[in-house]
Amino acid sequence: MFRNRLGAPGAILFTALWLFGACAPTEEAPPSTATVFEGATVIAGDGSDPIEGAVFVIDGGQFTAVGAAGEVMAPEGAAHVDLTGRTVIPALIDTHVHLAVDRETLIDDLQRRAYYGVGAAVSLGHDDGDATAAVRDNPVPGAALAMTAGRGITRHEPGRSEVPYWINTAEEARTAVQELAGAGVDFVKIWVDDRGGQYEKLTPDLYGAVIDEAHQHGLRVTAHIFSLEDAKGLLEAGVDSFAHSVRDMDVDDEFVAMVQERPNVVLIPNLGARGAHEDMSWLSGTLSGEALEAAQAAHMDRPESHESFGIQARNLARLNEAGMTIVMGTDGNAGWRPHIEMRDMVESGMTPHEVIVASTSTSAAYLEMSDTGAIAAGKSADFVVLGSNPLDDIANTRDIVAVYLRGEEVDRAGLSAGWVGSQ
């Protein structure tokens with residue numbers, strides 16, 4: 001027989017405490033910080049098949065889940081964004097640019113890139129000062145990330161930029177690399193080009209010393225080239241990437257075989273002017289007046305460019321077919337230029353899907369940026385929402401609806417109003 005061991009007073013106290021606990025307010029769960037994006041076609045950037053009607057979740061600046069509808073559970077209390085009819089790709093990565101060197105203009109450069117869906121850019125060889133490294137180490141919200149090669153290395157080139165190291169001996173080459181390593185650069189950039197016979201160019205003993213010293217310091221070397229002969233010499237010396245392709249002639253079987261023997265060597269095509277008319281009015285969001293007229297003037301029919309572009313296009317097609325790693329880079333300093341370069345890569349024979357992969361996950365891998373470049377759980381939420389599918393037409397990468405970097409939407413309207421209104 002059960003006996004109440006608390007006694008009457010104790011039983012009353014127990015009952016009161018139980019009732020108080022039952023009626024006390026429960027602690028509410030904190031509101032969700034996640035956002036669920038639903039309905040878009042997602043091109044992940046890793047070469048996998050597109051996901052139709054996809055669902056992905058971002059939280060804390062990262063993708064936390066990506067999949068088809070019904071495969072992803074939305075966190076309770078998350079915000080929802082309907083992207084039905086849209087296409088989503090990873091933010092683009094430009095592996096060859098020349099950024100401004102003063103902080104204010106540099107930030108403007110990176111914001112212009114963000115506006116056009118570029119999440120990161122590498123400045124190759126003209127960074128005089130530490131502004132780019134400072135922004136690399138402390139990224140600016142709403143702007144692309146930056147990497148730097150500091151000052152590049154070349155022979156004496158009076159009349160051109162005086163920022164690079166001008167060298168004439170192997171000792172000078174090694175000293176330059178040592179200084180760059182001490183400055184914490186991400187790459188070493190060299191120019192091996194006589195600029196149409198205007199200058200002496202780096203010889204094998206000079207660029208060989210640069211490459212050897214750079215590798216001793218754990219740095220990779222990217223080379224501006226023009227001729228097939230120099231490209232072969234650089235491969236033999238251990239160069240890591242080409243910041244342009246061969247431009248004087250079609251590559252031969254020997255070069256293709258050399259590339260295939262060196263699967264880690266990377267090509268940044270930088271195809272250059274195609275010489276065909278193109279309507280540049282799509283730049284009106286960031287350019288107006290004279291700037292837009294200048295951009296249009298640079299994209300008119302120029303038959304003299306056809307031969308040069310044809311050589312580069314054929315070389316890109318052959319090297320891509322041979323299995324060389326291709327990434328995207330534009331040279332110069334136009335934030336919108338990746339969309340032109342990507343179109344030209346397709347014109348050269350790559351498929352739109354190959355070009356998107358080259359411009360996102362492959363470029364990220366080349367830069368050793370393991371946390372970006374693809375739409376996948378655990379990656380930084382860097383993506384572009386498009387109004388139309390670039391697999392149908394690569395020019396659709398210009399049909400930008402929204403850009404997100406590190407999980408935050410870029411204020412494209414505010415940036416555009418500031419730029420166009422100030423011109």
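The values are calculated or read from the model by the stated rules, or taken from the named source; none is laboratory data. In this text, all values refer to a predicted model and were calculated from it rather than measured experimentally. Quick reminder, even Gly has a Cβ in these numbers, built from the backbone with ideal geometry, and neighbours come from all protein chains shown. To get the accessible areas, we keep the full protein, side chains included, count just its heavy atoms, and leave off ligands, DNA and RNA. Shrake-Rupley method; radii C 1.70, N 1.55, O 1.52, S 1.80 Å.
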* Structure fact -> Along principal axes, largest first, the alpha-carbon spread of segment 191-267 in whole Å comes out as 33, 30, 18
* Structure fact -> So the FRET efficiency between ASP82 and SER388, C-beta based with R0 = 25 Å and rounded to 0.05, is 0.90
* Can you give the relative contact order of segment 157-262 as a percent, counting alpha carbon pairs under 8 Å and 6+ residues apart? -> 24 percent
* **Charge context of ALA133, other residues only, Cβ under 13 angstrom, K/R +1, D/E -1** => -2
* To do: Provide the solvent-accessible area of TRP282, counting protein heavy atoms only and rolling a 1.4 Å probe, rounded to the nearest 10 Å².
  => 60 Å²
* Asked: Relative to the longest principal Cα axis of the chain, at what angle does helix 412-421 sit, 0 to 90 degrees, rounded to 10?
  -> 50 degrees
* With Cα atoms, 0 to 90° folded angle of helix 103-115 axis to the chain main axis -> 70 degrees
* Structure fact -> Summing -39500 (n - 2.57) over every DSSP H run of at least 4 in the chain, dividing by its residue total and rounding to the nearest 500, the 222 nm mean residue ellipticity is -10000 deg cm²/dmol
* **Alpha-carbon Debye profile of segment 274-423, log10 I(q)/I(0) at 0.17, 0.20, 0.21 Å⁻¹** => -1.17, -1.45, -1.50
* Given a Förster radius of 22 Å and the C-beta distance between GLN178 and VAL101 as r, what FRET efficiency does 1/(1 + (r/R0)^6) yield to the nearest 0.05? -> 0.50
* Asked: Tell me, how many Å apart are the Cα centres for segment 403-423 and for segment 144-170?
  -> 32 Å
* **Crossing angle, helix 337-347 versus the chain [Cα axis fit, 0-90 degrees, rounded to tens]** => 70 degrees
* Roughly what % antiparallel, to the nearest 5, for the DSSP beta bridges in the chain? -> 45 percent
* Asked: If you take the Cα atoms of segment 95-162, find Rg, then find the Kirkwood Rh from the mean of 1/r over all pairs, what is Rg/Rh?
  -> 1.00
* Asked: Given the C-alpha centroids of segment 373-393 and segment 197-226, what is the distance between them in whole angstrom?
  -> 36 Å
* Once phi is turned into θ = phi - 60°, what whole-Hz ³J(HN,Hα) does the Karplus curve with 6.51, -1.76 and 1.60 give for every residue of segment 81-88, x standing for Gly and Pro? -> 10, 8, 10, 4, x, 9, 10, 10
* Asked: Taking the alpha-carbon centroid of each part, what is the distance from segment 277-330 to segment 32-110 in angstrom?
  -> 27 Å
* Asked: If one computes P(r) from the Cα atoms of the chain, what percent of pairs lie at distances over 30 Å?
  -> 48 percent
* Asked: Under the Karplus relation 6.51 cos²θ - 1.76 cosθ + 1.60, θ = phi - 60°, what is the ordered set of whole-Hz ³J(HN,Hα) values for segment 246-263, x standing for Gly and Pro?
  -> 5, 10, 8, 6, 5, 5, 9, 4, 4, 5, 4, 5, 5, 5, 5, 6, 10, x
* Asked: Using a 1.4 angstrom probe and counting only protein chains, how large is the accessible area of TYR366 in Å², to 10?
  -> 20 Å²
